[in-house]
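Asker: Handing you a structure now.
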Amino acid sequence: MDGPQRACESGPLMGRARRGWCGTVLPLAAGGAAGHAEARRAHIVCGVASVEFLVLSQEDVVAAGGLEMDACLAVIEEALVLHHRGDTILPQKSALHWSNDIDTDEKLGRIMAMPAYVGGSLGMAGIKWIPSVPQNPSRGLPRGIGVVLLSDPETGLPVCFMDGTVVSAMRTGAVSGLAARELAAPGSSVLTLYGAGVQARTQLAGLERMLPDLAEIRLYDPSPAQTAAFVEREQPGRPPIRAMDDPREAARGSHVVVAATMAPAPFVTAEWLEPGMLVLSVSSFDPSLDAIDAADLLVTDDFAHETYHPSRPLARAEAAGLVTEADVVTLGSILAGDHPGRTADEETILVSPVGLGIEDVAWATAVYRQAEELGVGARQRLWEEPIWT
Ligand SMILES: NC(=O)c1ccc[n+]([C@@H]2O[C@H](COP(=O)([O-])OP(=O)(O)OC[C@H]3O[C@@H](n4cnc5c(N)ncnc54)[C@H](O)[C@@H]3O)[C@@H](O)[C@H]2O)c1
């Protein structure tokens, strides 16, 4: 027999049927839209069979390259451009909140479910389930603890279940890095980080790659212990990281300002903005309404997703009647070359990336494929034979 039969005889296939297989086995990343369509056809299953999927622990995710920021930047750029071009499916997040207060995320935390499909060379469906527990760092646990499930978009079979904490933090850093590449003023050399938590690590990793003139990193966090630990861990091999006592002073003369905090109220005001400054609001209560109003250009990853969360900057601005969707540009449109982004060195630009399931599914897919290549992870049987078909 030809290829299909060989596939049947080759043993359990990841997320695919073993018996009754009637397509050839092609990697989903066969190349471009045509390759993707061909790969999707190849995943059609004619019969029932044993199914296995890959399970990746956090250590497996790291072993499969989950911390490789350069690769992550490329994958996230593709995902955002695909989103801009309509080759994604991104339903609204669903969230469990423990109260209806606007600052409930910062005080009580929440759990979010973020389903997405990403086309192009990625061609994968999936979901990130991510609890956020503000008290966790004091328990020695991360605030955000994600898991990702990837599913074959054609058959619906699970292909991978993995730690999503690394994936989530890495894609968040990559989004900021891409925004800085496109939108930081030429020669930007001073970067200020607000918050010395988990996201600050990947923010720095994403941003430093895109700020070729970076000469000084400033850090403000109200926790001296967090600040000291961050500086000690992250300093080697980098321009000086200065721990700042005063958040206002930390921003003065800075070219790129990034907030990834658990602050329950806005603190970056219009008075802080300086000509040419790029402000990235990774967390929610960072810029005040007057700062949003004063910015020359407003950018987000997805306006509907951003404004779904009442505490996000553009949601607060929309509720106050300061902005509509027409006033806001997407990062995907800039990456795709459909919007010029920064048009003058002195423009003040505010980016509010809420974080999208397509970003998680995209980077998780790349990590999963690398894990398959390297033979990393454990195989888990879904069924030997499904009891019902
Ligand atoms: N937009 C996205 O895509 C995205 C993705 C992941 C996380 N986030 C958000 O990023 C934020 C940080 O997440 P994390 O995982 O780093 O949390 P974390 O708990 O690890 O770190 C948060 C840090 O913020 C510090 N902080 C609190 N108030 C502050 C203030 N006023 N100024 C400066 N620092 C302050 C805390 O001391 C802590 O060190 C959260 O709000 C989270 O929801 C956004």
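The values are calculated or read from the model by the stated rules, or taken from the named source; none is laboratory data. Not measured: the values here are computed from a predicted model. For neighbour counting, all protein chains shown are included, and Cβ atoms are generated from backbone atoms with ideal geometry for every residue, glycine included.
Asker: Scan the range 269-282 and report the pairs whose first residue is under 22 Å from Val354 (Cα atoms) and in the same structural domain as Ser254 (by TED's automatic domain parsing) and whose second residue is within 16 Å of the ligand (Cβ to nearest atom) and hydroxyl-bearing (Ser, Thr, Tyr), with Cβ atoms within less than 6 Å and a gap of 6+ or a chain change.
Answerer: Listed pairs, sorted by first residue: Thr269/Ser288; Leu280/Ser176; Ser281/Ser352.
Asker: Separate question: Look through Glu347, Glu318, Glu274, Glu249 and report the one residue that is outside any loop (DSSP other than H, G, I, E, B), of a type in the set (Asp, Glu) and farther than 29 Å from Ala113 by Cα. Full working, then the answer.
Answerer: On the way: Glu347 fails: outside any loop (DSSP other than H, G, I, E, B); Glu318 fails: farther than 29 Å from Ala113 by Cα; Glu274 fails: outside any loop (DSSP other than H, G, I, E, B).
So the residue among Glu347, Glu318, Glu274, Glu249 that is outside any loop (DSSP other than H, G, I, E, B), of a type in the set (Asp, Glu) and farther than 29 Å from Ala113 by Cα is Glu249.
Asker: Also, I was wondering about something else. Please specify each residue of the range 177-217 satisfying the condition of being within 12 Å of the ligand (Cβ to nearest atom), crowded, with 22+ Cβ neighbours inside 10 Å and either over 17 Å from Ala74 (Cα atoms) or not assigned by TED's automatic domain parsing to the domain that holds Arg242 (or both). Quick ask: steps written out before the conclusion?
Answerer: Taking the range 177-217 and keeping what is within 12 Å of the ligand (Cβ to nearest atom), we get 179, 192-204, 206.
Narrowing further to those that are crowded, with 22+ Cβ neighbours inside 10 Å: 179, 192-196, 199-200, 202-204, 206.
If the condition is that a residue be within 12 Å of the ligand (Cβ to nearest atom), crowded, with 22+ Cβ neighbours inside 10 Å and either over 17 Å from Ala74 (Cα atoms) or not assigned by TED's automatic domain parsing to the domain that holds Arg242 (or both), then Thr192, Leu193, Tyr194, Gly195, Ala196, Gln199, Ala200 are the ones that fit.
Asker: Determine which single condition Pro137 fails, assuming it passes every other condition in (1) farther than 21 Å from Ala304 by Cα; (2) touching an Asp or Glu at 6+ places or on another chain (Cβ under 7 Å).
Answerer: Tallying (1) farther than 21 Å from Ala304 by Cα; (2) touching an Asp or Glu at 6+ places or on another chain (Cβ under 7 Å), Pro137 fails exactly one: (2).
Asker: Looking at (1) closer than 23 Å to Glu208 by Cβ; (2) touching a helix residue (DSSP H, G or I) at 6+ places or on another chain (Cβ under 8 Å); (3) within 13 Å of the ligand (Cβ to nearest atom), which one does Ile241 not meet, given that it meets all the others?
Answerer: Unmet for Ile241, out of (1) closer than 23 Å to Glu208 by Cβ; (2) touching a helix residue (DSSP H, G or I) at 6+ places or on another chain (Cβ under 8 Å); (3) within 13 Å of the ligand (Cβ to nearest atom): (3).
Asker: Among what's in the range 103-155 and is without any contact (Cβ under 8 Å) to a residue 40 or more places away in the chain, near the ligand (Cβ under 10 Å from one of its atoms) and in a strand (DSSP E or B), pick the residue that is farthest from Met170 (Cα to Cα).
Answerer: Across the range 103-155, the extreme among qualifying residues is Arg110.
Asker: Something else: Quick check, is Pro137 farther than 20 Å from Met262 by Cα, outside the structural domain of Asp302 (by TED's automatic domain parsing) and not aromatic (Phe, Trp, Tyr)?
Answerer: Working: farther than 20 Å from Met262 by Cα: no; outside the structural domain of Asp302 (by TED's automatic domain parsing): yes; not aromatic (Phe, Trp, Tyr): yes.
It is false that Pro137 is farther than 20 Å from Met262 by Cα, outside the structural domain of Asp302 (by TED's automatic domain parsing) and not aromatic (Phe, Trp, Tyr).
Asker: Can you name the residue in the range 321-338 that is assigned to a loop (DSSP other than H, G, I, E, B) and surrounded by fewer than 17 Cβ atoms within 10 Å (Cβ to Cβ) and is also nearest to the chain's Cα centre (by Cα) among such residues? So that I can check it myself, show each step before the final result.
Answerer: To start, the set of residues in the range 321-338 that are assigned to a loop (DSSP other than H, G, I, E, B) comprises 321-324, 336-338.
Subsequent filtering for residues that are surrounded by fewer than 17 Cβ atoms within 10 Å (Cβ to Cβ) retains 321-322, 324, 336-338.
Numbers: Gly321: 28, Leu322: 27, Thr324: 24, Ala336: 18, Gly337: 21, Asp338: 22 Å.
Result: Ala336.
Asker: Name the residue, out of Lys128, Lys107, Lys93, that is surrounded by fewer than 16 Cβ atoms within 10 Å (Cβ to Cβ) and of a type in the set (D, E, K, R).
Answerer: On the way: Lys128 fails: surrounded by fewer than 16 Cβ atoms within 10 Å (Cβ to Cβ); Lys93 fails: surrounded by fewer than 16 Cβ atoms within 10 Å (Cβ to Cβ).
Answer to the selection: Lys107.
Asker: What do you reckon, is Ala196 aliphatic (A, V, I, L, M) and over 24 Å from Trp363 (Cβ atoms)? Before you say what the answer is, go through the steps one by one.
Answerer: Working: aliphatic (A, V, I, L, M): yes; over 24 Å from Trp363 (Cβ atoms): no.
No, not satisfied.
Asker: Tell me, yes or no, whether the range 236-257 has at least one residue that is within 20 Å of the chain's Cα centre (by Cα), touching a residue at least 12 places away in the same chain (Cβ under 8 Å) and within 25 Å of Leu90 (Cβ to Cβ). Let's see the steps before the verdict.
Answerer: Here is the first cut: in the range 236-257, the ones within 20 Å of the chain's Cα centre (by Cα) are 256-257.
Among the residues that remain, those that are also touching a residue at least 12 places away in the same chain (Cβ under 8 Å) are: 256-257.
Subset that is within 25 Å of Leu90 (Cβ to Cβ): none.
Within the range 236-257, none of the residues are within 20 Å of the chain's Cα centre (by Cα), touching a residue at least 12 places away in the same chain (Cβ under 8 Å) and within 25 Å of Leu90 (Cβ to Cβ).
Asker: Would you be able to say whether some residue in the range 159-180 is in a strand (DSSP E or B) and among the acidic types (Asp, Glu)? So that I can check it myself, show each step before the final result.
Answerer: To start, the set of residues in the range 159-180 that are in a strand (DSSP E or B) comprises 159-163.
Keeping just the survivors that are among the acidic types (Asp, Glu) gives 163.
Yes, the range 159-180 contains a residue that is in a strand (DSSP E or B) and among the acidic types (Asp, Glu).
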